[in-house]
Every structure is written in structure tokens, then in C-alpha cells.
Amino acid sequence: MSRIGVFICHCGENISATVDCERVAREASLMEGVLYSIDYKYMCSDPGQNLIKEAIKEHNLNGVVVAACSPRMHEPTFRNACAEAGLNPYMCEIANLREHVSWVHEKGDATTQKAIDLVRMLVEKVKNNKPLLPITVPVTRRALVLGGGIGGIQASLDIANAGHQVILVERDPSIGGHMSQLSETFPTLDCSQCILTPRMVEVARHPNITLITYAELESLEGFIGNFKAKIRKKAKSIDEKLCTGCGLCTTKCPNKKIPSEFNEGLGTRTAIYIPFPQAVPNKPVIDKTQCTYYTKGKCRLCEKTCPAQAIRLDQEDEILEFDVGAVVLATGFNVKGTDFFPEYGYGNYQDVITGLQFERLASASGPTLGEIRRPSDGKIPEKIVFVACAGSRDPAKGIEYCSKICCMYIAKHAMLYKHKVHQGNAYVFYMDIRAGGKMYEEFVRRAIEEDDVKYIRGRVSRIYERNGKLIVKGADTLMGGKPIEIDADMVVLATAGVASPKAEELAQKVHVSYDQHNFYAEAHPKLKPVETNTAGIFLAGSCQAPKDIPETVAMASGAASKVIGLFSNSELKRDPSIAVVNRMPPPTYTTCVGCGLCVTACPYQAIQLEDIKDRKGNVVKRAAYVNPGLCQGCGTCVAFCRSKSIDIEGYTSQQIVAEISALLNDE
Amino acid sequence: MIKAMKNKSLELLTSQEVRVVIGYEKGTKCSTRPSFFFLPEDIERMVFDEECKNNLAVYLTKENIKNYGRLAIIANDKTLQSIVKLISENQIREDNLFVLTPGSEDGQVIVLNSIEEIKSFVNKSIPSQKEPDSVDELVARIRKMSREERWKYWQDEFARCIRCYACRAACPLCYCTRCTVESSQPQWVPVASHVLGNMEWHIIRAMHMSGRCTDCGACAEACPVNINLQALTRVVRESIQDEFNLTTEEYLEGNNVLSSFKPNDNETFIR
């Protein structure tokens, strides 16, 4: 016998301005099984919640429908209120009268009627509700951080400082990421490496952090609190315990002409190499794709040279396995190369470079030791042009978003150039200057006013070479579109920030969603910026969207605090709205026939086939079983099941059909 | 060949390697019908010729047949393909089964008793090119119709359906112990024989067959009102094989093409 209470919220005027809430309450009171109904200005307020609690106690309600805002907003609020009054929280359902009715329709009878219909649907659903109990799962208090840039470093340090174990995995031979490549940082112009390297060293020394470099995630299985991660540790071809990092091998390696990744191709490295002097760990790796021994079978010079006999040419990739409770993705971003731009020479002009390459030129540890010299002939450029929004904010190029960091680093680059080449001329072609941030606008003004950088508002249509000069053709839109031609010595393109090349592959491995540009998707753009839709996996830094250093660090600390919060309990409670394969008494046991269609359909690998045994222990059936810890309640398996043997608790077919029938049978 | 078939069956029964042989016997008039041979002396009745069209694989998933444990089955090409599909869907357990099937040479009988043997034999015996039959003619005719005409055609066809579920009973892949149409909480499909419920049932059946149907034609053969159900399932099978770029071998051995994602799937709309 249903004893349902219906509570209609005005949401201030959000709902009541277009919906006649009193009428909805009146109509609801006439519905079969409804014992009590009332409308109130703010149901989520303390007095509003008390209204619900009192009604449950007074009328001994066994079901509650709250007609208010989206369940994403206040479902937990109202369910908790019900629980406090002694009603199972899952006997409370929300009818969304705000997002689904009042905000999207005009005032009128039809709008109120829709509100009544929604309430009727939920009343019918509640009649079919069952009390549910939350699921508890244990938590492994160890975090996996993927990516050793500043985001990954910060997240690792924060989690480790809270007393938890961290596995930090970095794809490259050293941690540091893009930040280690930068010369100076805006808006303070302090040296990037000077502030980063102490953190890198701290990571390496931290007793709670296990640093695994030159490694990638092989697979991730499991669920929040209980992931199993396999890490492929690529063969470095050295014995890390024996190697002292003396670097003698790198001086003897005959293969010296390999473009250095760290210097963005502007310098060279050897086949056995330490990516940069401050690298952590400061030990070399052998690049198997370049090393003469691996490509031609001969050489072994490094082996003969090494005083510690640490070279291991027969080393193989190692697979390491870890149980972890949470994962932080901090895999960073990349920038488009100059070859992306046909109008700017397809990357064929040596002196057209990316912003990241300019960082290396300006860096004291770079290939020119910090002197601004152009790559083609090493001359100091007298005229230099910076092109903002190269690719970014350009739907025609498929990148409609703003890369966010370019406006600031262009101002920095122009400033650095002017500080080093006093007589030089720096031009910036820009669309808008986006300098939102503490001291950011002031920084750009300083470039324009104090350092005499010439900002031209307009886009560059073409760049071509003539007599050793790069002719930059553009227009000044503030001068009525006057055509401008600059014969520059060097051009720096602020190329668009894009997702890491392997971002999509990784997202599919760990099952997080990503956008059309392969940036990882946060769970909510405003209220859950560091969570993903997969519980237990968090985001830090520019793998989510282009970000500058302070934002990345803030986000990393945010993700770390989420992980620490998760680790603060030894077990966690989960919503019981998960899939369940039916089980019934013998001789049927279950209507599942074990075809396994759901096993492959499940995006979370939550379903497996299990043997059902009778009392004597004989296997009588093989049927699907849903792991309650893994299941996210998405319902894909329900749609696939041919024999209708799976249901989502709280959203059973019976409940959904009751809702639809309530709507269809209404005259 | 029937002699060799009988000899082999007799051998398996007398040596108690199997409890039962599923085969064919002479039916009323001049047809043949499925039969279960439990005793060596029953083998006398066994027949096997071109008339033996029934897909005997349908019995392999039945609870009471499974309870016999080890058994032998006389298999024509259609039965063999169904067995491979049933294996891929975890419905047949390894080494419980002896499959007796005619070999390429005259009078030869081949005995297959492991999953690998069955699979490799079927793969070798898949015909590369199929002669068009009456079903293909009907499919071609239906393809020429407009959407509305097609809908009308099937509506008229299914209006004749008496909902006896003979198509379901004859199909080796309809092995669910509780069919969707029998689920009553909620009742998804109206049970009465009426054009709306009939359409729902046949659409659901075609969907549940997609990616699985081996095109044996048992459903159409069984239909007492002669609805050409094979036209529906054949197109479903062909579409799946085309869309997912599958060879016949991959189609038969692969499981759950609709519920699994592969990066090289032909389907552009998935990504």
C-alpha cells in the first residue's frame, strides 16, 4: 500500500513564475497512492527539509516525490532528509520541474500540465521503488600519477606529503615536462628551471614517491579504490643501480647528430643521452631507434667506455604491476609544428619557428646558450615577428578554441628579445590580447610601453622568403585594414596548443571521456573540474585544456586533494544504482543464458561469466555476474540483454515502464 | 554413406562413448524427421540423405538434452555452422560432443570431437560463392520497394502470423530459457496475435538475430503460414557482414559484433 508524499518547490520564483505550483500540489493530492502533498517556496532550505521530515513521520510515508530542480543538484539533499526521517533514501525521487519545465517553457496551462505529468510519472515510479543499501568497497591508499610535468610533480608531492604512496610514471627519460624547456616565466620573468628543478629533486628524494621514468601505462583495470595498473618500463639499456650518471658514455657515442627533443630539434644529442643537464633521474638512456648497435648490430662503444660497467644492451622492457586506489592524469599537451601552416611555408623555412623553439633559443641552457640567434645561419635577428593565434581560434583549421597561454608568452618572448637585442625591432600580430590573470595585463602593457614592442592588430596572410629575409604580409585592422609587409629575420609562430599525441589512446585505456580535440573531459565544467566521469580518475593540468603554470599547479593540488579525500577512509560508499543479473530459486536459478553479449558491451569491464552451482556443488549454469564495485550503472548491458535478465537497481524496466505508462494512460 | 553413418553411431553407442545420437529417421509420407537414438538396436531406423534438412543444432542447448552429457549429432552444413556459432556464444561445452558429418569423398563420414576440429572443418567447407535462391529473389524484390511499400509488405505478411513461435522453436540460436516476449514484468510485447504485437515480435526477433543468424532457414521452414522469415534475417546477416567487414569465418567465430568495439570497425558512425 503506497503512502506517498509529494513536495512541490517554488525554487524562489524559478519554478513558480511559470508553473502554478499550488495547482500541481492540488492535482498531486488526487493521484492514487498520494497521501500528502504541499508546495513551498524553498524546499531545499532547512524549514523546507523539515516539512518533508515531519510529513514522513506524521503520515508514515513510504515514498517521497520532490518536484524541484535537477536531481544532479539536490537529489542527495532530499534523500538525506528522508534518511534522517527514517525512510530509505532510495524511496525518494526527484521530478525536475526547473530545468525540464519552468526554465524551458513559457507561463501557461500547458506548462503546469507538463509539471503535473512529470509528478504523476515519478509517483508511479516510486510505487515500484525498493529500499536499497549503499555498496561499500575497500580503498587501496596508493595513487598513480601519469605524467611528470609540473602538474604531475605537484600532484605527486601533495599526495605524498599527506602520507600516501605515489607511483609517478613519466614517458620521457626525465621528469620536468614542458616547464623544464621554458626560459623564463611570465609575469615575473623568473627562470623556469630555477623554480622547477628543486621540485624535481624533491620528487626523486621523497620516501613516499616511486618514480618510474621512460615508462608508459600498459593497462588499467578495476575501479575506484581498487585499480590494477600495469606499467611498461621501457628498456633504458643501463643498470640504473650501477650507473653514476658521469656522462662519459654520452661523450663517446659516435651517433651525435640526432635532433634533440628537449631542444625542440634546434640542437643535437647522442644515441645514449641524458636529455638535459638538470634531468631527474640524471642517468642516460639508449634510444634504440637511433643507436648503431640496435640498428646495425655493431659499436658497443658506450659499453667499453662505462667505468661502472652499467651498460646493459640486452635489457628488455619490464612490466610492473601496482594496486592503486586513484589515478591522476597529468599527461600535458603539445604545440602544433610549423609544418601545419601552408601559408607560413609548411615548415620549410628554418627561421620560422614555434614558441616552444623560441623558449629554447632564449634559455641559458639552450643550443645558443641564451643568445637569440636564428637557426639557419646563427645571425642575431634585427627584426623579429611574432604571430599570435597561429592555428588557434581558427575554425577553418579545425581548432576553434583559444590556446590561452600564447598572448602571455608572446609578450614575454618579445620582451626577452628586446632585453637581449637592444637595437632590434619586435612586432606582434594579434587578434585580441587576452591577459586575464594577476599582473598579466600589466605585463603586456610593460612589453608595449617600456620595451617598445610593436603590436599590430591583424592577421598574417602569408610568409615567404626573399633575399634571405622572411617577408611577412599582414594587415593592420586598426588602420582600416592597411596592408603591411615586414621583412623579418625571424618569425615566431604561437602555434596552437593541442592534446598530446597519445592522449586518445590513453583515454581509451583508462576509460575517461575526451572532447573532439582529444582533451580529457572533466565531470562538470564548473563544479567538478578535476574529476572525470570515471570515479577515481582525476585530471591535472593541460591534458584537460591548454593552461599556464599557475593554473596547472592549482589544478594539480585540487586533484591531489580529491585523492587525499578519497584516501581518508579505508572504504567508500557507492550509489547502489548498479546493474544486477537476476537470480531466482532453483530450478531456474537465473533467466540469464550466459551468451556474454553484456560482457563485451560493458564499457567498464564490470561483467564476467560465473558458474552457478547447485547444493552439491555441480555447475548447473553459466551466467553473467556484475561486479558491484566496477559497475557505474550506465545501463548499456540492460539494453543489450536479449532475455531481459539484467536490470539497474532504482531504474528497473518495471519502474521505467510504470513511468511511461503513467504518461501515456493520462487522458 | 548412410552405412558409414550408422556404423559410426553404433560404435559410439555400444562403446558407451555417448548416451544418445541425434539424427534423422523416416517421417510420415516421404519426409524425414529428427530422431533420438538411445539404444544400439534403434540405429536400424536411422536415415541420412538430401531430404534431411532440419537443423539439429537446435537440440544441443535444450536443458534435458544437455543433461545426457556426452552425445553425438549428425550434422549437415547448416547444423555445422550453427554449432560453431553456439560455441562462440558459450553455449556448447568442449568435448561433450561428437559431430558426425559427411566428408568430401563418397560414403565417407568424418567425426569431429573438439571445438578446434569443428571450427577448422567448417572453415574449409564454407562455399566461396553461393547460388542465388528464391530468398534472394524475394530480397531483391523487397529492396526495390519504397520505404512505405516495404513497411506495408511486412505488415501484410505479419498480419498472417498466428504467434505460434515455431520460428523461435526451430532456431538453434533462440536458446534463451525465458524469451523477451515471455517477460511479463513489464510486458514488453503484447501476446495476442495482432498486427502490432506481431510486428514487434518479428522486429525484435530480427534484431536479436543480428550478428548471429547463420542463415540456415529453419525459421522459414517451420512457419505454418509460410511467411518468408529468412528474407529478413538474411539481409540482417549480410548487412552486418558488410558493415563490420567480416569474412564468413570471422562472422561465425566472432562473438558479439554489435556489443564490442574495435578501432578498425568499418562503422564510421560509432566514433
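The values are calculated or read from the model by the stated rules, or taken from the named source; none is laboratory data. On a predicted model such as this, the values are computed, not experimentally measured, just so you know. All Cβ positions, even for glycine, are placed from backbone atoms using ideal geometry, and neighbour counts span all protein chains on display.
The requirement of being within 10 Å of another protein chain (Cβ to nearest Cβ) and farther than 30 Å from A:Ser513 by Cα is satisfied by A:Thr588. Taking segment A:220-248 as the range and being more than 26 Å from A:Glu261 (Cα to Cα) and not in a loop (DSSP other than H, G, I, E, B) as the test, the residues that pass are A:Leu220, A:Glu221, A:Gly222, A:Phe223, A:Asn226, A:Phe227, A:Lys228, A:Ala229, A:Lys230. The residue of segment A:240-259 that is surrounded by the fewest Cβ atoms within 10 Å (Cβ to Cβ), among those that are touching a strand residue (DSSP E or B) at 6+ places or on another chain (Cβ under 8 Å) and within 16 Å of A:Asn282 (Cβ to Cβ), is A:Thr250. Of all the residues in segment A:575-585, those that are part of a loop (DSSP other than H, G, I, E, B) and away from chain B (no Cβ under 14 Å) number 5. So A:Lys547 passes all but one of these: (1) closer than 25 Å to A:Gln605 by Cα; (2) in a loop (DSSP other than H, G, I, E, B); (3) away from chain B (no Cβ under 14 Å). Which condition number does it fail? Going through (1) closer than 25 Å to A:Gln605 by Cα; (2) in a loop (DSSP other than H, G, I, E, B); (3) away from chain B (no Cβ under 14 Å) one by one, A:Lys547 breaks only (1).
Could you figure out which of (1) within 10 Å of chain A (Cβ to nearest Cβ); (2) not in a loop (DSSP other than H, G, I, E, B); (3) not aliphatic (A, V, I, L, M) isn't true of B:Gly211? All conditions pass for B:Gly211, except number (2).
Residues in segment A:651-666 that are part of a loop (DSSP other than H, G, I, E, B) and within 12 Å of chain B (Cβ to nearest Cβ): A:Thr652 alone.
Looking at segment A:123-132, can you tell me whether even one residue there is of a type outside the set (D, E, K, R), part of a helix (DSSP H, G or I), at pLDDT 95 or above and closer than 27 Å to A:His59 by Cα? Among the residues of segment A:123-132, at least one is of a type outside the set (D, E, K, R), part of a helix (DSSP H, G or I), at pLDDT 95 or above and closer than 27 Å to A:His59 by Cα, which makes the answer yes.
Does A:Asp323 meet the test of being of a type outside the set (Val, Ile, Thr), touching a Gly at 6+ places or on another chain (Cβ under 9 Å), at pLDDT below 95 and not in a loop (DSSP other than H, G, I, E, B)? Outline the logic, then answer.
Numbers: of a type outside the set (Val, Ile, Thr): yes; touching a Gly at 6+ places or on another chain (Cβ under 9 Å): yes; at pLDDT below 95: no; not in a loop (DSSP other than H, G, I, E, B): yes.
So A:Asp323 fails the test.
Residues in segment A:45-62 that are surrounded by 17 or more Cβ atoms within 10 Å (Cβ to Cβ) and of a type in the set (S, T, N, Q) were compared, and the one that is farthest from A:Gly5 (Cα to Cα) is A:Gln49.
Scanning segment A:609-650 for residues that are facing another protein chain (nearest Cβ under 10 Å) and assigned to a loop (DSSP other than H, G, I, E, B) returns A:Cys641, A:Arg642, A:Ser643, A:Lys644, A:Ser645.
Just one of the numbered conditions (1) under 24 Å from A:Thr636 (Cα atoms); (2) surrounded by fewer than 16 Cβ atoms within 10 Å (Cβ to Cβ) is not true of B:Pro224: (1).
Among residues of segment B:23-60 being surrounded by 13 or more Cβ atoms within 10 Å (Cβ to Cβ) and of a type in the set (Asp, Glu), the one that is modelled with the lowest pLDDT is B:Glu51.
Please enumerate the residues belonging to segment A:153-184 that are in contact with a helix residue (DSSP H, G or I) (Cβ under 7 Å, 6 or more places away or on another chain), in a helix (DSSP H, G or I) and among the small types (Gly, Ala, Ser). Scanning segment A:153-184 gives A:Ala155, A:Ser156, A:Gly177, A:Ser180. The set of residues from segment A:639-656 being of a type in the set (Val, Ile, Thr) and closer than 18 Å to A:Ala601 by Cβ comprises A:Ile646, A:Ile648. You will find that of A:Val444, A:Val428, the residue that is farther than 14 Å from A:Ala494 by Cα and surrounded by 23 or more Cβ atoms within 10 Å (Cβ to Cβ) is A:Val444 and no other. There is no residue in segment A:196-219 that is modelled with pLDDT under 95 and buried (at least 21 other Cβ atoms within 10 Å of the Cβ). Looking only at residues in segment A:594-608 that are of a type in the set (Val, Ile, Thr) and facing another protein chain (nearest Cβ under 9 Å), the one that is nearest to A:Val581 (Cα to Cα) is A:Val599. Among the residues of segment B:2-11, some residue qualifies, meaning at least one is free of Cβ contacts under 8 Å to residues at least 40 places away in the same chain, of a type in the set (Asp, Glu) and assigned by TED's automatic domain parsing to the domain that holds B:Asp95.
So, A:Val145, is that one farther than 30 Å from A:Gly245 by Cα, buried (at least 24 other Cβ atoms within 10 Å of the Cβ) and in contact with a helix residue (DSSP H, G or I) (Cβ under 8 Å, 6 or more places away or on another chain) or not? Let's see the steps before the verdict.
On the way: farther than 30 Å from A:Gly245 by Cα: no; buried (at least 24 other Cβ atoms within 10 Å of the Cβ): yes; in contact with a helix residue (DSSP H, G or I) (Cβ under 8 Å, 6 or more places away or on another chain): yes.
Here the answer is no, as A:Val145 does not meet what is asked.
Of all the residues in segment A:555-574, those that are surrounded by 16 or more Cβ atoms within 10 Å (Cβ to Cβ) and either outside any strand (DSSP E or B) or within 14 Å of another protein chain (Cβ to nearest Cβ) (or both) number 12. You will find that of B:Glu117, B:Glu105, B:Glu148, the residue that is surrounded by fewer than 11 Cβ atoms within 10 Å (Cβ to Cβ) and in the same structural domain as B:Lys78 (by TED's automatic domain parsing) is B:Glu105 and no other. If you filter segment A:447-456 down to residues that are under 20 Å from A:Thr477 (Cα atoms) and among the hydrophobic types (A, V, I, L, M, F, W, C), you find that the one that is surrounded by the fewest Cβ atoms within 10 Å (Cβ to Cβ) is A:Ile448.
Looking at A:Val491, A:Val512, A:Val428, A:Val444, which one is touching a strand residue (DSSP E or B) at 6+ places or on another chain (Cβ under 9 Å), at pLDDT 95 or above, not in a strand (DSSP E or B) and not aromatic (Phe, Trp, Tyr)? Step by step, each of A:Val491, A:Val512, A:Val428, A:Val444 is checked, and only A:Val444 is touching a strand residue (DSSP E or B) at 6+ places or on another chain (Cβ under 9 Å), at pLDDT 95 or above, not in a strand (DSSP E or B) and not aromatic (Phe, Trp, Tyr). For segment B:61-83, what are the residues that are over 16 Å from B:Gly217 (Cα atoms), crowded, with 19+ Cβ neighbours inside 10 Å and either of a type in the set (A, V, I, L, M) or not assigned by TED's automatic domain parsing to the domain that holds B:Val111 (or both)? The answer is B:Leu71, B:Ala72, B:Ile73, B:Ile74.
Check whether at least one residue in segment A:104-125 is of a type in the set (S, T, N, Q) and in contact with a Phe, Trp or Tyr (Cβ under 8 Å, 6 or more places away or on another chain), and report yes or no. Checked against the condition, which is being of a type in the set (S, T, N, Q) and in contact with a Phe, Trp or Tyr (Cβ under 8 Å, 6 or more places away or on another chain), segment A:104-125 yields no hits at all. If you go through segment A:286-314 and pick out every residue that is in a loop (DSSP other than H, G, I, E, B) and surrounded by 15 or more Cβ atoms within 10 Å (Cβ to Cβ), you end up with 10.
Of the residues screened, A:Val101 is one that is assigned to a helix (DSSP H, G or I), modelled with pLDDT of 95 or more and in contact with a Lys or Arg (Cβ under 8 Å, 6 or more places away or on another chain).
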